[in-house]
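Here's the structure, in structure tokens; my notes come after.
The values are calculated or read from the model by the stated rules, or taken from the named source; none is laboratory data. Nothing here was measured: the structure is a model prediction, and the numbers come from that model. Cβ atoms come from the backbone with ideal geometry, glycine included; neighbour counts cover every protein chain shown. Side chains are part of the model used for accessible areas, which takes the heavy atoms of the whole protein and leaves out ligands, DNA and RNA. Shrake-Rupley method; radii C 1.70, N 1.55, O 1.52, S 1.80 Å.
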Amino acid sequence: SIPRDTYVEMSAKNREELREYGKKIPSGGMKINAVHSLCGEYGNEYLSRQIEEMLNIHIDYYFEIDLDGFVEIVDLIGGVEIDVPTNMRYSDPTQDLYINIKKGRQTLDGKKAQEFVRFRRFVKGDIERIESQKLFLKAFLKKITSSDTILSNLSELISVFLDNVNTNMTLKDAVNYASYIKDMSADKIIMETLPGDDNTPYRHYENETRSLVNKLFFDVEPAA
């Protein structure tokens, strides 16, 4: 997980390409969520490049889901069971966002699940919201990988997913990867957050990030 306020500097090559596309890209640094918004229809491509440069990895596929698609996919699988860690109440009429979820174990439908992952009225703001999103993702994956109902309706799930998601993955690839779902275990999926400070913008720690990436992606333990 990469905090939305993470400070990044776009390469001169990428800035020049985007300016040729008619995009107004400022010189100097910016928050990483600005990369997506400033690049418009090229947002996913150049955001992927930015993350590749920051983490020194290759990204094969990107997936962008809108709010309505998120609700539809969660409802399709029958909701997600989560032990909500705290009462969540928040209102923002400008976003048409009204959150009201009580603490405790419950099954969240699509609308409530969207409220859960968007809530950010925590002491540490976005960093704690990321932890909520991880909690949701693990519960979502557990539902997907453990439900016979989901596996028996996999084609419908893939169809709804591709209808609501902007991705560079082909339908053929999606079907091929989906065949591995039955062999996945949500308990074995590792989720980490980009190491950094608690300021805004969020400055990531390059040495700690390198060690984390080496361990997760390349199975290299940091030196003593």
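Worth a mention:
- When the criteria are applied in full, F136 fails the requirement of being within 19 Å of F63 (Cβ to Cβ), among the hydrophobic types (A, V, I, L, M, F, W, C) and open to solvent by 30 Å² or more (accessible area, probe 1.4 Å).
- In the range 96-113, residue farthest from D148 (Cα to Cα) [restricted to those that are under 20 Å from the mean Cα position of the chain (by Cα) and either acidic (D, E) or at pLDDT below 95 (or both)]: L97
- The single condition among (1) of a type in the set (K, R); (2) touching a residue at least 60 places away in the same chain (Cβ under 8 Å); (3) surrounded by 16 or more Cβ atoms within 10 Å (Cβ to Cβ) that K142 does not satisfy is (2).
- Selection within the range 97-120: residues that are under 13 Å from F140 (Cβ atoms) and aliphatic (A, V, I, L, M). The member of this set that is surrounded by the fewest Cβ atoms within 10 Å (Cβ to Cβ) is V117.
- Condition met for V123 (β-branched (V, I, T), outside any helix (DSSP H, G or I), without any contact (Cβ under 8 Å) to a residue 40 or more places away in the chain and open to solvent by 30 Å² or more (accessible area, probe 1.4 Å)): yes
- Residues in the range 127-142 that are of a type in the set (A, V, I, L, M, F, W, C) and over 14 Å from the mean Cα position of the chain (by Cα): 1 in all.
- Restricting the range 208-224 to residues that are in a loop (DSSP other than H, G, I, E, B) and modelled with pLDDT of 85 or more, the residue that is surrounded by the most Cβ atoms within 10 Å (Cβ to Cβ) is V220.
- Neighbours by Cβ (under 8 Å, 6+ apart or cross-chain): first from the range 1-29, under 30 Å from F136 (Cα atoms); second part of a strand (DSSP E or B) and aliphatic (A, V, I, L, M): Y7/M30; V8/M30
- Criterion applied to S179, S185 was being without any contact (Cβ under 8 Å) to a residue 40 or more places away in the chain and hydroxyl-bearing (S, T, Y), and the one residue passing it is S179.
- Scanning the range 1-39 for residues that are open to solvent by 60 Å² or more (accessible area, probe 1.4 Å), part of a loop (DSSP other than H, G, I, E, B) and polar (S, T, N, Q) turns up S1, S27.
- Close pairs (7 angstrom Cβ cut-off, 6 or more residues apart or separate chains): farther than 20 Å from E131 by Cβ in the range 86-112, open to solvent by less than 100 Å² (accessible area, probe 1.4 Å) and of a type in the set (D, E) anywhere: D109/D75; G110/E72; G110/D75
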